[in-house]
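Engineer: Below is the structure I would like to discuss, written out as structure tokens.
Since every read-out is calculated from the coordinates, none of them should be taken as a lab result. Bear in mind the structure is a predicted one, so any value in this text is a computation, not a measurement. Cβ coordinates were reconstructed from backbone atoms using ideal geometry, including for glycine residues, and neighbour counts include every protein chain displayed.
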Amino acid sequence: MKQIDKYVNTVYKNASGNKKEIEELKSEMKNHLLEAVNDLKEKGYSELEAIDIAIERFGEAEEMRSIVSQLFKVQKTFSKWVLYIGIAILLLSTAIFGYFINIGNERTSEQSEIAYSIGDIIDNDPELSDETKEQIENLLNNANYIRKMNVYQNGDSENPVYKLDKNTHQTLSLVYSDLRYGSGNSNSFVEIEVLDYRNIGILSLFFGVTCFGVLFIIWTIINAYHRRKKV
């Protein structure tokens, strides 16, 4: 069966990788060829004919060698790219987290000022004249992140004297926060629901860490498999 040994050695001539793994693959290919030869011999072919037919079915040595070489290259680069992609996602999500946390912190001060101001405005005009409503609308014009607002007076938390509901449903409720502020003289309190940019940052970081964790586990499994092959 020297012809089969020669064919197998030619196929794996340029294969680069773990030597033990390559030898196992060569042995597996050789066994498949021997099984094919035995089957052909049982059908009446001579040994030489059976060997030629079995090798022909596997393919030309040069073609098979190219395929094997490509498979080993893909195998090597795949595990590297799994880790690189995981790191890239983690870094990107961390940058997004920092960006939105910064915006969220800036918005916190702004939204509290708006809430306190509206509470004071309504305290000064509980009847909500057109002028007062216009003042409130002016305060809210640039605060697109405020989705809902209820203003209550004199401890009545059931009947708001002023109500805002933008009915915005485009964004997940997970990224909204409910906040409560009191007015300067404590006669009014304001409840608002705001788009909390810090929640967006946290969700982004969670997504990044999760993706990195999954890809890192895949990378670890691939490398553990190859290390086991070396033993």
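Engineer: So if R0 is 25 Å, what FRET efficiency would Ile217 and Glu23 give, r being the distance between their Cβ atoms, rounded to the nearest 0.05?
Structural biologist: Values: r = 29 Å, r/R0 = 1.16.
Here the calculated transfer efficiency is 0.30.
Engineer: Also: Can you pull the one-decimal nm distance between simple spin-label points at Glu35 and Ala95, each 7 Å off the Cα toward Cβ?
Structural biologist: The answer from the label model is 5.1 nm.
Engineer: Next question. Apply the Karplus curve 6.51 cos²θ - 1.76 cosθ + 1.60, θ = phi - 60°, to the phi angles in the range 215-220 and return the couplings in whole Hz, x for Gly and Pro.
Structural biologist: In residue order, the calculated couplings are 5, 5, 5, 4, 4, 5 Hz.
Engineer: With r defined as the distance between the Cβ atoms of Tyr45 and Phe206 and R0 fixed at 45 Å, what FRET efficiency is calculated, to the nearest 0.05?
Structural biologist: Numbers: r = 64 Å, r/R0 = 1.41.
For Tyr45 and Phe206, the calculated efficiency is 0.10.
Engineer: Please compare each pair in Lys2/Lys41; Lys19/Lys41; Lys2/Lys43; Lys6/Lys41; Lys26/Lys80 to a cut-off of 27 Å on the Cα-Cα distance and tell me which ones are over it.
Structural biologist: From Lys2/Lys41; Lys19/Lys41; Lys2/Lys43; Lys6/Lys41; Lys26/Lys80, over 27 Å: Lys19/Lys41.
Engineer: Additional query: From the alpha carbon gyration tensor of the range 106-199, can you work out the equivalent ellipsoid semi-axes (sqrt of 5 times each eigenvalue) and give them in Å, largest to smallest?
Structural biologist: 22, 14, 13
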